[in-house]
1. Starting from residues that are of a type in the set (Ser, Thr, Tyr) and not in a helix (DSSP H, G or I), keep the ones in the range 1-48 and report whichever is nearest to Ala75 (Cα to Cα).
2. Kindly establish whether Ala75 is of a type outside the set (Ser, Thr, Tyr) and within 15 Å of the chain's Cα centre (by Cα).
3. Could you please give the count of residues in the range 1-51 that are aliphatic (A, V, I, L, M), within 30 Å of Lys69 (Cα to Cα) and surrounded by 11 or more Cβ atoms within 10 Å (Cβ to Cβ)?
4. For the range 60-70, does any single residue satisfy the condition of being surrounded by 13 or more Cβ atoms within 10 Å (Cβ to Cβ), over 16 Å from the mean Cα position of the chain (by Cα) and assigned to a loop (DSSP other than H, G, I, E, B)?
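Derivation of every value follows stated rules applied to the coordinates shown; laboratory data play no part. Nothing here was measured: the structure is a model prediction, and the numbers come from that model. All Cβ positions, even for glycine, are placed from backbone atoms using ideal geometry, and neighbour counts span all protein chains on display.
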Amino acid sequence: SRLALYADPEVLHANPQYKDLFPVFQTARARPRTPVYPIVSHIFQRYFSRVLAFPETDIREEAEEADRKINRFLALFRDL
């Protein structure tokens with residue numbers, strides 16, 4: 001089976017990272033199939049990238065602002 005490849009010594013020798021990635025692949029989920037996902041994802045990226053780029057940024061403030069923006073967008077979308 002394809003899953004057996006993650007334990008195959010020959011495959012692991014050529015790709016040792018597969019051993020560590022296997023648990024990640026087992027729990028991974030597809031992105032939600034919704035037309036709003038790209039915009040919500042963009043909002044998350046915008047605010048949380050700022051926190052990563054500027055460590056002095058207040059993560060709570062950024063999360064709250066992202067939450068406000070997402071909720072504002074979702075409210076508009078619900079009205080359609």
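1. Thr34
2. No: the conditions fail for Ala75.
3. Here the count works out to 5.
4. No; the residues of the range 60-70 include none that is surrounded by 13 or more Cβ atoms within 10 Å (Cβ to Cβ), over 16 Å from the mean Cα position of the chain (by Cα) and assigned to a loop (DSSP other than H, G, I, E, B).
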